[in-house]
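**Q** What follows is a single structure, and I will ask about it in a moment.
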Amino acid sequence: MRWEQLAMVHWRYEAEAVQRLLPRGLLVDRFEDRAWVSLTPFMMSSVRGLGVVPLPPSAFPETNLRTYVRLPDGRRGLWFFSLDVTAPHMLAARAIGVPYRLAELSVRVRGVDTVYGGRRRGVDGVGYRLRIRAGALVEEISPLDEWLTSRWVAFSRRAGRLWLTPVHHEPWTLGHGTIMEMRQTLTHSAGLPDPEPAPLVHMSPGVGPVRLGPSRPLF
């Protein structure tokens, strides 16, 4: 698959506020003693089942809310509070606990701005609207940039077991972004406190191909 027209809105959080929402076996990962939570809308395209069979539609939006975690042995990865998507076939990942939900989502480019929006189906008041103005490319990747964007494992939990899914893709091409408009209730819906008012914003034209390795239970 490919991930395209992507934005990442990153908020710092007190680590304890995030840890209490994680399942047993996962520890909140910290950068300079703070946890981070990211709202990430994008377009997904060229999705193929088992890496071979094209799955319709050819392109569709997804939005995830994620945080950064590690195992007790130090392995780092992502934990998803929510993944909203328009394509019903993505709900198959619920079999290993990936929290996909159907939503009405849109991604629109308007001049130098990209406007993202969404509303979760069947749940009143859960959604967002986000307008970001693209800035210059990030010329030198900082330690925080790399920490937030270089994650090669996703964790999920199903039937009392923790699952690990490897993720493979080239490093991101990152740009700066400026929020021109934002309203969102996804963090509140996940059980998080209100985020800080000045997030770090990345944008990227995309990355691909993205390959997901076989999921396996840990314990």
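The values are calculated or read from the model by the stated rules, or taken from the named source; none is laboratory data. On a predicted model such as this, the values are computed, not experimentally measured, just so you know. Glycine gets a Cβ as well: all are built from the backbone with ideal geometry, and neighbour counts include every protein chain shown. Heavy atoms of the whole protein, side chains included, go into the accessibility calculation; ligands, DNA and RNA do not. Shrake-Rupley method; radii C 1.70, N 1.55, O 1.52, S 1.80 Å.
**Q** Got a number for carbon plus sulfur as a percent of the chain's accessible area, 1.4 Å probe?
**A** Percent of accessible area from carbon and sulfur atoms in the chain: 54.
**Q** Then there is this: ³J(HN,Hα) across the range 147-156 via Karplus (A = 6.51, B = -1.76, C = 1.60, θ = phi - 60°), whole Hz, x for Gly/Pro?
**A** With coefficients 6.51, -1.76 and 1.60, one gets 4, 7, 10, 10, 10, 10, 9, 10, 9, 8 Hz.
**Q** Ok, one more. Keeping every protein chain present and rolling a 1.4 Å probe, give me the accessible area per residue for the range 77-129 in Å².
**A** 46
**Q** Set the Förster distance to 45 Å, then compute FRET efficiency between V109 and D73 from the Cβ-Cβ distance, nearest 0.05.
**A** It comes out at approximately 0.60.
**Q** In Å, what Rg and Dmax follow from the Cα atoms of the range 145-219?
**A** Computed over the Cα atoms of the range 145-219, radius of gyration and Dmax are 16.0, 44 Å.
**Q** Let me make sure I get this right: for the chain, a, b and c are the square roots of the gyration tensor eigenvalues over alpha carbons, sorted descending. Under 1.5 in a/c it's rounded, otherwise prolate if a/b > b/c, else oblate. Which is it?
**A** Taking the square roots of the gyration eigenvalues as a ≥ b ≥ c, the chain is rounded.
**Q** Measure off 7 Å from each Cα along the Cα-to-Cβ vector at R34 and R129, then give the distance between these two points in nanometres to one decimal.
**A** Spacing of the two 7 Å Cα→Cβ label points: 2.8 nm.
**Q** Read phi for every residue in the range 208-213 and hand back ³J(HN,Hα) as whole Hz from Karplus 6.51 cos²θ - 1.76 cosθ + 1.60, θ = phi - 60°, with x for Gly and Pro.
**A** Listing the rounded values in order: x, x, 9, 10, 9, x Hz.
**Q** Could you pull out every residue, at least 5 positions away or on a different chain, whose amide H is within less than 5 Å of the one on R158? Hs are placed 1.01 Å off N in the peptide plane, and Pro or chain starts have none.
**A** W163
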